[in-house]
Amino acid sequence: MPRIVDHAERRAQIVMALWMVIAERGIEGVSLRTVAAAADVSMGRIQHYFGTKEALVLAGCTALIDSAYEGYLGTTDDPPRERLLHVVSQQIPRDDGQRAAVSVWYAYVARSINDDAVRQVLAEARRGAEEECARLVREASGVDGAVALQRARRLLALADGLTLRALVGDLGATEAVAMLETELDTICPTTRRGSHVAR
């Protein structure tokens, strides 16, 4: 009986290998050969699934965003304030594995300067995060749309700055998250930290 091939699993394996290469060498170090070696597959296999290096790099960017979104979907039953904290704190590296993942994200940010396709994907993801944060701020604090958007932008900007500091080791993850929680106490004063809605 012929073996059933799980194409989604094989694509995911290759993308994970791509991220490993980016974490170690940056996007400049990505080639079909280096990713094939990291994934322990042939270059032909990568070409079969992705075609070109550029398509592979872009697929890795999209997969990184999709992974973060899937993590957010796991917070569906949480109160708005806790969901908001998840969105803004998930990128703060808490261990070496997360530090590598965040470094991959910033490699893509750097790439977006000269890569229109990557820039478009990242910009769309950031707009989506901003819109969702604004919605959660409205839900948690009852402010109108314009105020909620302003507060969401301020919160995301703070999160970006704290993430960079945690990434370079200038600030601990615990302290960075605590600063975000303090900001949330200001933005969402009607919701107490750690409170939960009735189920």
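The values are calculated or read from the model by the stated rules, or taken from the named source; none is laboratory data. Just so we're clear, the structure is a prediction, and the values are computed from it rather than from any experiment. Cβ atoms come from the backbone with ideal geometry, glycine included; neighbour counts cover every protein chain shown. Just so you know, the surface numbers come from the protein's heavy atoms only, side chains and all, with ligands and any DNA or RNA stripped out. Shrake-Rupley method; radii C 1.70, N 1.55, O 1.52, S 1.80 Å.
Computed over the chain, the per-residue total of -39500 (n - 2.57) for DSSP H runs of n ≥ 4 gives a 222 nm mean residue ellipticity of -24500 deg cm²/dmol, rounded to 500. Set against the labelled values (i) 29; (ii) 41; (iii) 53, percent of Cα pairs over 26 Å apart computed from this structure falls on (ii).
As an exercise, use a Förster radius of 30 Å and the Cβ-Cβ distance of SER67 and ASP185 to find the FRET efficiency, rounded to the nearest 0.05. Kindly include the intermediate steps, with their values, before the conclusion.
Working: r = 29 Å, r/R0 = 0.97.
The computed FRET efficiency comes out at 0.55.
Determine the per residue accessible area of region 12-67 with all protein chains present and a 1.4 angstrom probe, expressed in square angstrom. About 49 Å² of surface per residue is accessible. With θ taken as phi - 60° and the Karplus curve 6.51 cos²θ - 1.76 cosθ + 1.60 applied, the whole-hertz 3J(HN,Hα) list for region 128-144 is x, 5, 5, 5, 5, 4, 4, 4, 5, 4, 4, 5, 7, 10, x, 6, 6 Hz, x standing for glycine and proline. In order along region 21-28, the Karplus-derived 3J(HN,Hα) couplings, from 6.51 cos²θ - 1.76 cosθ + 1.60 at θ = phi - 60°, round to 5, 4, 4, 8, 10, x, 5, 4 Hz, and Gly and Pro are given as x. Under 5 Å between amide hydrogens, built in the peptide plane, is the criterion, and for LEU171 it picks out ALA166 among residues at least 5 positions away or on other chains.
In region 1-122, with Lys and Arg counted as +1 and Asp and Glu as -1 at Cβ, which of these residues, VAL121, GLY26, TYR69, has the Cα nearest the positive end of the dipole, that is, farthest along it? About the Cα centre, the residue reaching furthest to the positive side is GLY26.
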